[in-house]
Amino acid sequence: MRPTVYITRRIPDEIIAKIEEECDIRMWDETDIPVPRNVLEKEISSVEGLYCLLTETIDREILAKASRLKVISNMAVGYNNIDIKAAKEKGITVTNTPGVLTETTADLTFALLMATARRLIESADCLRSGNWKTWSPMQLTGQDIYGATLGIIGMGRIGASLAKRAKGFDMNILYYNRSQKPELEIELNMKYTDLDTLLRESDFVCIMTPYTPETTNLIGNREFSLMKKSSILINTARGGIVNENDLFQALRDGEIWAAGLDVFEQEPVCLDNPLLSLANVVTLPHIGSASIKTRMKMAELAADNLLLAIKNQTPKHVVV
Ligand code: NAP
């Protein structure tokens, strides 16, 4: 009998066709609306495979209903949306899509750093709203990127790719990571520091760790108080790593100079989130990996992982 798979969002046709060669498919056939919890609860109870996105919370409660499930294939590198411990206890394989999105996410992170430092969104808005009256010496002046010190928190795949881009701008690179990376330090001419030193010395602080119990609220009041008043925080990792209330206060009170955010504690971010009221915040709707090529690669890798696990073979990327 062919296994059945539930796909939690409309994915590209060629990926559907690939999965359909080996499995029967049911799918939440929407592109912009996440699958409701009650639908997912019902569907998960009768399928062998789940192909899901980071928008789905796969917790212990929902997994309790998954009596036949063999694999959860997450179309993302981050898997904080899945209760890994509960999945492991039930013998369910969890897979993710690392690597294929590394360069695209590093590109976006550096783009956000540049946009925030040089006030690109604010400047474009100034022009369109008719406020560009004349050239003025200090109008819309920002922070230099060339020669500045970049502190990267989390020196994994994307952290290292970000450092490569920073090298091209002659930045001094500091990093803080769970483990030290001596070979990478030499290759990328970076210095390993403790977290507080990185925060004190950096002009830009970029967060590139996963979202875990250890990194939850890693950056809050205490950390902002250590940072330079001219410094810029960039977060393209996950929202909960930065305490948003503390970030708002730090930005409002001039404790740090600006922030660029691709991710939020709650997504989609509420329009009454106070961070959206600040001119010194550049916000994006979680588009780190959003290039056409990369999203196709992620969708395909998630399908490969799913199909291998369904056939009791080892997927390309196993979380547990
Ligand atoms: P990765 O290769 O696993 O790198 C993560 C790094 O964080 C590792 O070097 C790890 O240290 C370090 N780390 C983990 N816990 C830490 C802690 N408590 N303190 C300090 N360092 C810690 O992952 P990646 O592929 O670079 O992706 C990183 C994250 O970016 C993902 O988890 C995801 O949440 C986010 N992301 C966001 C987007 C977006 O669209 N905005 C796109 C892709 C990824 P070790 O080297 O010691 O293991």
Ranked by Cβ crowding within 10 angstrom, fewest neighbours first, how are 176, 51 ordered? 176, 51
Rg to Rh, two decimals, where the chain supplies the alpha carbon set and Rh follows Kirkwood: 1.01
Its Cα gyration tensor gives region 56-106 an equivalent ellipsoid whose semi-axes in whole Å, largest first, are 24, 10, 8
With Kirkwood's inverse mean 1/r over C-alpha pairs for Rh, give me the Rg to Rh ratio of region 182-317, two decimals please. 1.06
Spatially proximal lysines relative to residue 88 (Cα-Cα < 17 Å; intrachain offsets below 8 disregarded): 65, 70
Go ahead and set up a Gaussian network model of the chain, Cα springs under 10 Å, then flag whichever of 308, 101, 127 fluctuates most. 127
What whole-number distance in Å separates the alpha-carbon centres of region 44-120 and region 297-320? 13
If packing is taken as the average number of other Cβ atoms within 10 Å across a peptide's residues, how do 244-250, 135-141 rank, most packed first? 244-250, 135-141
Mind sorting 9, 2 by how few other Cβ atoms lie within 10 Å of their own Cβ, fewest first? 2, 9
Counting all C-alpha pairs of region 52-194, share separated by more than 22 Å (%): 59
What percentage of all Cα-Cα pairs in region 1-61 are separated by more than 19 Å? 26
Using only the Cα atoms of region 272-318, construct the convex hull and provide its projected area averaged over every direction, in square nanometres to one decimal. 5.4
Which aspartates and glutamates, if any, have their Cα less than 20 Å from the Cα of residue 293, not counting same-chain residues under 8 positions apart? 13, 14, 32, 103, 107, 262, 304
About the Cα centre of region 1-61, how large is the charge dipole given +1 on each Lys and Arg Cβ and -1 on each Asp and Glu Cβ? Please answer in debye to the nearest 20. 160
Summing -39500 (n - 2.57) over every DSSP H run of at least 4 residues in the chain and dividing by its residue count gives a helix-only mean residue ellipticity at 222 nm, to the nearest 500 deg cm²/dmol, of -10000 deg cm²/dmol
Using the alpha carbons of region 125-183, what is the convex hull volume per residue in cubic angstrom, as a whole number? 125
Among 182-192, 221-231, the order from most to least packed when residues are scored by Cβ within 10 Å on average: 221-231, 182-192
May I ask for the percentage of alpha-carbon pairs in region 124-268 that lie more than 21 Å from each other? 46
Hey, got the dipole for the chain? About the Cα centre, +1 on K and R Cβ, -1 on D and E Cβ, debye to the nearest 20? 320
Starting from 0 in steps of 10 Å, tell me what percent of the Cα-Cα pairs of region 185-237 lands in each bin. 21, 53, 24, 1
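Any read-out appearing in this document is the output of simple, stated calculations on the displayed coordinates, not a laboratory observation. Remember, it's a predicted structure, so these values are computed and weren't measured experimentally. Cβ sites come from the backbone with ideal geometry, for glycine too, and all protein chains shown count toward neighbours.
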